[in-house]
Amino acid sequence: QTWICLHEGEEDMFVAVALADHHGHEEADACHKLSEPNAEFALTLYKKLDAHTAAGKNIFYSPISISAALSMLSSGARGNTRSQLMSTLGYAALNQTQVDNGYEHFFHVLEHHQVNQQLAVGNIVAVRTGFQPSQQFVADIKQHYVGELLNVDFANPEEAVAQINKLIASKTHDKIKDMVKDLDPGTVMMLLNYVYFRGQWEHPFEAILTSKEDFHVDESTTVQVDMMKRMGSYDIYEDNDNHTTVVRLPYKGNTSMIIVLPDEGKMKEVEDGFTMERFQHWTQSFFKNNVDLSLPKFSISAEASLKQILQELGVTDAFSDAADFSGLSEDIKLKVSKVSHQAVLSVDETGTEAAAATTIEVECMSLPESFKLKLNRPFLVFIVDSSTETILFMGKINNPTAL
């Protein structure tokens with residue numbers, strides 16, 4: 001989730017998003033116009049979040065959800081406020097209509113690819129009882145961002161917090177429960193954008209093989225983890241020049257988890273040299289191999305306050321009295337007070353959440369001898385849409401035992 005707080009004096013908005021497999025020229029075109037800038041923005045965000053996160057802490061977020069939330073906000077912005085948002089998102093060469101159409105296609109595609117996985121994304125516009133946002137803005141949110149309108153009594157903050165948190169919990173299957181901690185009674189509006197993903201591994205791990213093992217957080221810290229094990233055929237790539245091994249673990253459906261494991265002591269070097277071109281090179285260089293895989297079970301929840309990061313990236317007017325959200329409301333002068341994001345990931349033998357599944361895999365005997373890959377030190381993780389290589393979630397697992 002990501003939330004953006006708007007202020008009259010005081011307002012709130014909320015945000016997060018994700019995507020899947022695409023068909024049709026028009027859809028593909030609209031999606032591809034966004035995919036490259038979204039990938040670049042994902043990486044820019046990672047580097048900023050890493051700089052703002054204490055050493056040894058996990059990083060996890062949904063870059064596409066943040067992009068969609070800010071795009072939604074941009075549709076109600078005008079002038080400099082909009083151009084700063086568009087520029088930061090990497091959409092400077094596009095107009096708002098192209099961006100809106102791109103997201104409309106993403107959401108449309110999502111709805112039609114729900115076989116074997118759950119990937120729920122949506123937007124809620126929560127408005128103070130009596131406040132009338134621009135009809136055009138509400139229509140745009142409904143058409144392009146599958147948005148729904150919700151009336152909330154912000155004058156009663158405790159009740160409003162409970163109502164909004166209950167809604168977010170229901171939309172994220174109770175994975176995110178207490179996103180909004182408090183609200184100012186002067187809140188006029190909140191944009192809520194949520195993402196929920198539940199995938200089942202195409203090839204589940206056998207729980208009976210899971211055992212306690214050491215995970216080396218850093219040179220002086222070792223923790224005990226439940227290490228899952230599986231021998232099977234996976235897409236893998238060893239990038240010796242860049243001190244890293246990359247493996248793809250497919251979920252049923254259109255998504256995969258891509259894990260980047262730097263060589264011992266090389267995490268910083270890999271992060272410093274990380275570009276979207278390199279990521280693309282890895283995903284295009286995969287080859288099938290028998291892999292003796294050891295992956296820790298983990299469940300993490302990471303929260304980030306994005307206001308300072310966005311200001312550093314050039315989104316300044318939106319947070320100041322210079323903000324122009326006249327496309328959202330002509331009567332009341334609004335500005336953004338906060339942007340928060342929360343993402344949750346749990347990985348176990350069956351996938352990202354408990355789900356019973358049995359598959360029998362026939363190993364290809366002609367493959368070279370198995371490649372041993374033990375994830376017992378910090379690694380980068382990406383959950384991507386396989387057809388468009390859209391990054392739904394990404395992060396760094398420094399310590400699988402830290403919640």
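The values are calculated or read from the model by the stated rules, or taken from the named source; none is laboratory data. This structure is a prediction, so every number in the text was calculated from the model and none was measured. Counting neighbours? That spans all protein chains shown, and the Cβs are built from the backbone with ideal geometry, glycine included.
Can you pull out the strands (runs of 3 or more DSSP E) entirely within region 322-385 that have at least 3 residues that are outside the structural domain of Thr275 (by TED's automatic domain parsing) and either modelled with pLDDT of 85 or more or surrounded by 14 or more Cβ atoms within 10 Å (Cβ to Cβ) (or both)?
335-347
Which residue, of Ala54, Ala68, Ala42, is small (Gly, Ala, Ser) and not in a helix (DSSP H, G or I)?
Ala54
In region 127-169, how many residues are closer than 18 Å to Ile66 by Cα and in contact with a Phe, Trp or Tyr (Cβ under 9 Å, 6 or more places away or on another chain)?
4
Got at least one residue in region 10-25 being on the phi > 0 side of the Ramachandran plot, at pLDDT 50 or above, small (Gly, Ala, Ser) and surrounded by fewer than 24 Cβ atoms within 10 Å (Cβ to Cβ)?
The answer is no; no qualifying residue exists.
Select from region 235-281 the residues that are among the aromatic types (Phe, Trp, Tyr) and buried (at least 20 other Cβ atoms within 10 Å of the Cβ) and write down the one among them that is farthest from Tyr46 (Cα to Cα).
Tyr251
Of all residues in region 163-179, count the ones that are surrounded by fewer than 16 Cβ atoms within 10 Å (Cβ to Cβ) and in a helix (DSSP H, G or I).
Adding up the residues that qualify gives 2.
Please enumerate the residues belonging to region 136-162 that are more than 30 Å from Gly199 (Cβ to Cβ) and in a helix (DSSP H, G or I).
Gln136, Phe137, Val138, Ala139, Asp140, Pro157, Glu158, Glu159, Ala160, Val161, Ala162
Search region 295-308 for residues that are closer than 22 Å to Thr350 by Cβ and pair each with any residue that is in a loop (DSSP other than H, G, I, E, B) and modelled with pLDDT under 85 when their beta-carbon atoms are under 7 Å apart and the residues are at least 6 apart or on different chains.
Between residues of region 295-308 that are closer than 22 Å to Thr350 by Cβ and residues that are in a loop (DSSP other than H, G, I, E, B) and modelled with pLDDT under 85, the close pairs are Lys297/Asp348; Ser299/Leu403; Ile300/Ala402; Ile300/Leu403; Ser301/Leu403.
For region 44-59, enumerate the residues that are touching a Ser or Thr at 6+ places or on another chain (Cβ under 8 Å) and surrounded by fewer than 18 Cβ atoms within 10 Å (Cβ to Cβ).
Of everything in region 44-59, just one residue is touching a Ser or Thr at 6+ places or on another chain (Cβ under 8 Å) and surrounded by fewer than 18 Cβ atoms within 10 Å (Cβ to Cβ), namely Gly56.
Quick one: would you say Gln84 is in the same structural domain as Ser326 (by TED's automatic domain parsing), surrounded by fewer than 23 Cβ atoms within 10 Å (Cβ to Cβ) and assigned to a helix (DSSP H, G or I)?
So Gln84 passes the test.
Here are Val270, Val247: which of them is under 25 Å from Leu392 (Cβ atoms) and in contact with a helix residue (DSSP H, G or I) (Cβ under 7 Å, 6 or more places away or on another chain)?
Selected residue: Val270, the only one of Val270, Val247 that is under 25 Å from Leu392 (Cβ atoms) and in contact with a helix residue (DSSP H, G or I) (Cβ under 7 Å, 6 or more places away or on another chain).
Can you find a residue that is at pLDDT 90 or above and not in a strand (DSSP E or B) anywhere in region 127-135?
For region 127-135, residues at pLDDT 90 or above and not in a strand (DSSP E or B): present.
Of Val99, Val138, Val121, which residue is without any contact (Cβ under 8 Å) to a residue 40 or more places away in the chain, under 26 Å from the mean Cα position of the chain (by Cα) and within 26 Å of Ala77 (Cα to Cα)?
After applying the criteria, what remains is Val138.
Give the residues of region 282-312 that are assigned to a helix (DSSP H, G or I) and among the basic types (Lys, Arg), sorted by residue number.
Selection gives Lys307 alone.
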